[in-house]
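The values are calculated or read from the model by the stated rules, or taken from the named source; none is laboratory data. On a predicted model such as this, the values are computed, not experimentally measured, just so you know. Every residue, glycine as well, gets a Cβ built from its backbone with ideal geometry; the counts of neighbours run over all protein chains shown. We work out accessible area using only protein heavy atoms, side chains counted, and drop any ligands, DNA or RNA first. Shrake-Rupley method; radii C 1.70, N 1.55, O 1.52, S 1.80 Å.
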Amino acid sequence: MAAEIRLFPCLSDNFGYLIHDPATKATAAVDAPEAAPILKALAREGWTLTDILITHHHGDHVGGVAELKQKYKCRVVAPHDKAGKIANVDLRVAQDDIVKVGGLSARVLETPGHTLDHISYVFAGDKALFAADTLFSIGCGRVFEGDYPMMWESLLKLRALPDDFKLYCGHEYTAANVKFALTVDPDNAALKARAEQVARLRAEGKPTIPTLLGEEKKANVFLRADDPLVAASVRMKGRSAAEVFGELRERKNKS
Ligand SMILES: [Zn+2]
């Protein structure tokens, strides 16, 4: 049976996610920005939380863990982090580990750069990628703990997934990302189409997520740092993709 996925806003611009296996009734939250909206979503669906899958140690991704774990005695899955920044963890996972949520299964991809511990969860059977703060729609996370080559490698890992996979990211940043992307990639037809779609969704008060990975590969300039057209548009013809990516990220930081 196919997984049921719900998304809802948390904090100021985070997404909360639940992924539910109808066959076993297992339900996982992917990250826990805060407990209240997750509890509300569980109540609305009549689901019981069995697992929390953490992507990285930032407070806006783990803030609700303690309360949810106390209430549901659920299992908390988190990346290996040598610094021990994430509390209440039952299972530590690394690259290519498989995490079961009832009958559903997610493969772990290590996607460091935003933080050194950042992981993404790929539910291949349901064509769903939970990329948190590594890959946003038409954007990517800020590089806080890693460096640009490391983040670029992480984005390449996600870009290698099939086009028909859906991207579920950590924040509703798409409108701001589109605005920036148009400054460096103004002639990209896929980006212009996405810009129109995003404006319409936001005007209707709807989330811009999920989005198809295949569309992101065409419209997201941060996934196209190895495209000579993108290098030329930031006057870095002939430079490495990681360097072009770094330039894009720095321009976005200043935008
Ligand atoms: Zn973060």
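Residues whose amide H falls under 5 Å from that of residue 171, counting only those 5 or more places apart or on a different chain, are 15, with hydrogens built in the peptide plane. Within the chain, all pairs of alpha-carbon atoms sorted by distance into 10 Å bins from zero give the percentages 7, 32, 36, 19, 5, 0.
When +1 charges are put on Lys and Arg Cβ atoms and -1 charges on Asp and Glu Cβ atoms, the dipole computed for segment 1-126 relative to its Cα centre reaches about 380 debye. The residue among 167, 140, 183 whose Cα reaches farthest toward the positive pole of the charge dipole of segment 139-255, with charges on the beta-carbon of Lys, Arg, Asp and Glu, is 183. Cross-link partners for residue 206 among the aspartates and glutamates, with Cα-Cα distance under 16 Å and sequence neighbours closer than 8 places in the same chain left out: 13, 172, 196.
With N as its number of residues, segment 7-56 has a Cα radius of gyration that, divided by 2.2 N^0.38 Å, comes to 1.06. Based on alpha-carbon atoms, the Kirkwood radius and the radius of gyration of segment 175-255 give Rg/Rh equal to 0.99. Taking Cα centre as origin and charging only the Cβ of basic (Lys, Arg, +1) and acidic (Asp, Glu, -1) residues, the dipole magnitude of segment 130-255 rounds to 320 debye. Within the accessible area of the chain, the carbon and sulfur atoms contribute 52%, probe 1.4 Å, all protein chains present. About its Cα centre, the dipole of segment 9-83 is roughly 320 debye, where the only charges are +1 on Lys and Arg Cβ and -1 on Asp and Glu Cβ. For segment 84-143, the convex hull spanned by the alpha carbon atoms encloses 94 Å³ per residue. Each listed q (0.17, 0.24 Å⁻¹) maps to a log10 I(q)/I(0) for segment 101-180, found by the Debye formula over equal Cα scatterers with no solvent: -0.64, -1.15. When Rg and the Kirkwood radius Rh are both evaluated on Cα atoms of segment 1-119, their ratio Rg/Rh stands at 0.94. Taken along its principal axes, the alpha carbon cloud of segment 87-224 reaches lengths of 45, 34, 27 Å, longest axis first. Checking the Cα-Cα distances for 157/179; 69/127; 40/71; 166/217; 192/254 against a 19 Å cut-off, the pairs over it are 157/179; 69/127; 192/254.
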